[in-house]
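The block underneath contains the structure these notes are about, expressed in structure tokens.
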Amino acid sequence: MDGNGRWARKRLLPRVAGHRRGLETVRSMIRSCIEAGVEFLTLFAFSSENWRRPAEEVSFLLDLFIRALENEVVKLDDNGIRLRVLGDLGGFEPRLVSLIRAAEARTEGNTRLTLSIAANYGGRWDILQAVNRMSAEHPPRPEGYSEELLGGYLALSFAPEPDLFIRTGGEQRVSNFCLWQLAYAELYFTEILWPDFDAQAFSLALESYAQRERRFGRTSEQVTAQKGQTPPRAIEPE
Ligand code: IPE
Ligand code: MG
């Protein structure tokens, strides 16, 4: 979700006005995903590098997160949405951590859409925490570890591999988001700033996705011959 600050500056507003407006886009994207039948939506809200921003902006973003948790979790729950928060929660104040835990527990049984919010998250942090937890539980062995075993310790272990990655705001980089999981995701970059990213912009992204041929290492001919059969998976068992 990139471009909140620029959206505000273009209107001669303080950057934080863009973040407030960006939350509106989050609400509308949740609706669009449900309408489109998307079952997993993961939003990069706050990276482990975002602490480097001015202190007032950081505390505004954390307050916005706290208020959203206080005010919107009932609505999420009523709409069958399961909430998950990914990231190093050790960096947050205890009040925020307990709000997160309570929201996750309340919505745990919901299945319509899993909304994951990456907060104090970094893709490298995720891989490293997974390696550390895995090796604590499984002492090193001669044959080494497998992708499947490691995958079970990643922050998104409950979700299938992502199909589509969207970055708004014009930058064409991944910026430490879901590094492991993006291996086979389709990447989509748009100049549109996050507060302007609406249902129509989302359907353009979905249309672009629909035109991609996902080969997972195979040839185009193999994929065409397989159409109508079970679609290939990114990582197949040997
Ligand atoms: C939102 O956009 C990203 C968040 C950390 C919430 P930015 O705040 O990065 O906006 P720009 O890139 O300055 O326009
Ligand atoms: Mg930015």
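The values are calculated or read from the model by the stated rules, or taken from the named source; none is laboratory data. Not measured: the values here are computed from a predicted model. Only protein heavy atoms, including side chains, enter the accessible area calculation; ligands, DNA and RNA are left aside. Shrake-Rupley method; radii C 1.70, N 1.55, O 1.52, S 1.80 Å.
Couplings for the range 47-58, taken from phi via the Karplus curve 6.51 cos²θ - 1.76 cosθ + 1.60 with θ = phi - 60°, read 8, 5, 8, 5, 4, 6, 6, x, 3, 5, 5, 4 Hz in order; Gly and Pro are left as x. Coupling constants for the range 21-31 follow from the phi torsions by the Karplus curve (6.51 cos²θ - 1.76 cosθ + 1.60, θ = phi - 60°), and in residue order they are 5, x, 5, 4, 5, 4, 4, 6, 5, 4, 4 Hz; glycine and proline get x.
Which of rounded, prolate, oblate describes the chain, given a ≥ b ≥ c as roots of the alpha-carbon gyration tensor eigenvalues and a/c under 1.5 marking rounded, otherwise prolate only if a/b is larger than b/c? Oblate is the answer for the chain, as a/c is 1.5 or above yet b/c matches or exceeds a/b.
Couplings 3J(HN,Hα) for the range 99-111, derived from phi with the Karplus relation 6.51 cos²θ - 1.76 cosθ + 1.60 (θ = phi - 60°), are 4, 4, 4, 5, 5, 5, 5, 4, 9, 3, x, 7, 10 Hz, where x marks Gly and Pro.
Would you mind classifying the range 49-141 by shape? Square roots of the alpha carbon gyration tensor eigenvalues, ordered a ≥ b ≥ c; an a/c under 1.5 is rounded, otherwise it is prolate if a/b is larger than b/c and oblate if not. Let's see the in-between values first.
Details: a/c = 2.41, a/b = 1.21, b/c = 1.98.
Note, shape of the range 49-141 comes out oblate.
Using only the Cα atoms of the range 30-73, build the gyration tensor, take square roots of its eigenvalues as a ≥ b ≥ c, and label the shape rounded, prolate or oblate: rounded if a/c is under 1.5, else prolate if a/b is larger than b/c, else oblate. Taking the square roots of the gyration eigenvalues as a ≥ b ≥ c, the range 30-73 is oblate. Annotation: amide H of ARG84 within the under-5 Å range of LEU115, SER116, ILE117, sequence separation 5 or more or interchain, hydrogens built in the peptide plane.
At 0.36 nm per residue, minus the direct Cα-Cα distance, what do VAL58 and ASN79 gain on full extension? Give it in nm, one decimal, please. Numbers along the way, then the final one.
Values: separation 21, 0.36 × 21 = 7.56 nm, distance 2.97 nm.
Fully extending the segment from VAL58 to ASN79 adds 4.6 nm.
Less than 5 angstrom separates the built amide H of GLY3 from those of TRP194, all sequence-distant by 5 or more or on a different chain. Scanning residues 5 or more positions from GLU186 or on other chains, those with amide H under 5 Å from its amide H are LEU164, PHE165, with H placed 1.01 Å from N in the peptide plane.
In this structure the chain gives 56 Å² per residue of accessible area when probed at 1.4 Å with all protein chains present.
Per-residue ellipticity at 222 nm from helix content only, as computed over the chain with -39500 (n - 2.57) for each DSSP H run of at least four residues, stands at -14000 deg cm²/dmol.
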